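Worksheet: one structure, shown below.
The values are calculated or read from the model by the stated rules, or taken from the named source; none is laboratory data. The structure presented is a predicted model; accordingly, all values stated were derived computationally and were not measured. As a convention, Cβ positions derive from the backbone with ideal geometry for all residues, glycine included, and neighbour counts pool all protein chains shown. The protein model used for the area step is the full one, side chains on, heavy atoms only, and it has no ligands, DNA or RNA in it. Shrake-Rupley method; radii C 1.70, N 1.55, O 1.52, S 1.80 Å.
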Amino acid sequence: MNTWGDFENVQPIVAKMLENSIKKNRISHAYLFQGPKGTGKKESSFLLAKSFFCKYLEGFNPCNECRDCKRIESGNHPDVHPIQPDGQSIKKEQITHLQKEFTYTGMESNQKVYIIEHADTMTANAANQLLKFLEEPKRSTMAILLTENGQSILNTIRSRCQTMSFKALNTKQLESRLVASGISEPISKFSAALTNDFEEAERISQDDWFAKGRTIVIKLIQVLMEGNDEAFLFLHNDWLPHFKDKDQSQIGLDLLLIWYRDYVSYLIERKDTIIYIDEKEKFEKYTFSLSRDQATKALKKILEAKNKLKANVNPTLVMEELVLQIQR
Ligand SMILES: [Zn+2]
């Protein structure tokens with residue numbers, strides 16, 4: 001996430017607030033970024049640090065080219081200190097160590113930024129130590145506290161920070177985040193449809209098993225559409241060896257479900273919601289042979305199959321039955 005524009009797609013409200021502070025040169029000396037996992041807290045803390053240090057701001061965007069920007073990006077800036085829990089908690093020594101560092105002037109400027117991850121895990125002693133620090137803010141210092149459990153942050157600390165509440169991502173925002181991190185659009189759409197957790201979506205995007213599963217689903221549809229007896233063979237040779245147990249079968253059925261849902265969206269001109277965007281040509285081809293009613297019936301049968309799996313019916317039986325039901 002290199003620009004505030006990228007960040008606006010993910011957290012529009014927080015982005016606007018921070019952009020305004022940068023524009024007006026009123027960056028706070030302490031922020032609390034709170035919100036669920038995978039909502040962009042850490043990335044935006046780095047973005048804010050870049051805007052704090054970069055001497056070549058373009059509007060409020062860091063240039064991403066200068067030495068400060070590059071070193072923050074790679075986690076090697078001498079005056080940007082990330083702190084993570086040491087084991088289960090952030091300990092007092094970690095905060096005192098940080099403060100000692102801060103008594104020396106900045107390595108290259110007078111500015112310093114510290115980013116405390118999982119700030120809710122600070123021990124009471126660590127929190128008290130930090131409090132002293134927050135009580136006497138220096139103009140050139142910025143603290144960014146990150147937490148998934150905002151309610152666990154002591155009020156004394158919270159009251160000295162400007163709180164930014166990060167919202168859980170909707171599917172579109174998750175997609176934008178994945179695309180911004182370099183994942184292709186078809187795969188981003190596909191991963192965002194399967195989970196609302198960014199890290200999990202990122203994992204799915206890079207996972208060969210999912211990529212292959214997606215190909216198998218597309219192939220099964222093709223075989224089903226050809227309407228010959230190959231479907232059973234394909235099921236046993238390709239589908240079942242890949243989607244092995246109950247959990248994997250559920251994922252396979254989800255992928256199949258998304259395909260049929262996309263097809264119906266295509267027919268009713270809701271093309272913006274389509275996940276299998278690289279299948280549009282085939283959707284067009286199938287309009288002659290697969291009616292909306294048939295596709296809707298297939299959707300219903302897939303949902304029934306998912307329920308049967310939940311009720312512990314054997315996956316092979318469930319899939320054999322399903323293929324018979326939705327074959328042309
Ligand atoms: Zn820069």
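Quick check, is Leu134 more than 29 Å from the chain's Cα centre (by Cα), closer than 30 Å to Phe198 by Cβ, open to solvent by less than 30 Å² (accessible area, probe 1.4 Å) and modelled with pLDDT under 90?
On the way: more than 29 Å from the chain's Cα centre (by Cα): yes; closer than 30 Å to Phe198 by Cβ: yes; open to solvent by less than 30 Å² (accessible area, probe 1.4 Å): yes; modelled with pLDDT under 90: yes.
So Leu134 fits the description; yes.
Within the range 139-147, does at least one residue satisfy the condition of being modelled with pLDDT of 95 or more, open to solvent by less than 50 Å² (accessible area, probe 1.4 Å) and in contact with an Asp or Glu (Cβ under 6 Å, 6 or more places away or on another chain)?
Looking through the range 139-147, at least one residue is modelled with pLDDT of 95 or more, open to solvent by less than 50 Å² (accessible area, probe 1.4 Å) and in contact with an Asp or Glu (Cβ under 6 Å, 6 or more places away or on another chain).
For Thr171, which of the numbered conditions (1) modelled with pLDDT under 90; (2) crowded, with 19+ Cβ neighbours inside 10 Å fails to hold?
(2)
Taking helices (runs of 4 or more DSSP H) that do not extend beyond the range 1-78, which have at least 3 residues that are closer than 30 Å to Glu135 by Cβ and open to solvent by 10 Å² or more (accessible area, probe 1.4 Å)?
Values: elements: 4-10, 12-23, 41-53, 67-73.
Fully inside the range 1-78 and qualifying: 12-23, 41-53.
Taking the range 227-240 as the search range and keeping residues that are assigned to a helix (DSSP H, G or I) and free of Cβ contacts under 8 Å to residues at least 60 places away in the same chain, which one is nearest to Ile183 (Cα to Cα)?
Checked the range 227-240; the qualifying residue nearest to Ile183 (Cα to Cα) is Asp238.
Go over the candidates Ile187, Ile204 one by one and state the one that is open to solvent by less than 40 Å² (accessible area, probe 1.4 Å), of a type in the set (Val, Ile, Thr), more than 20 Å from Pro12 (Cβ to Cβ) and assigned to a helix (DSSP H, G or I).
One residue alone meets the criteria, Ile204.
Can you pull out every residue in the range 40-60 that is within 22 Å of the chain's Cα centre (by Cα) and not aliphatic (A, V, I, L, M)?
Restricting attention to the range 40-60, the residues satisfying the condition of being within 22 Å of the chain's Cα centre (by Cα) are 40-50.
Gly40, Lys41, Lys42, Glu43, Ser44, Ser45, Phe46, Lys50 - these are the residues of the range 40-60 that are within 22 Å of the chain's Cα centre (by Cα) and not aliphatic (A, V, I, L, M).
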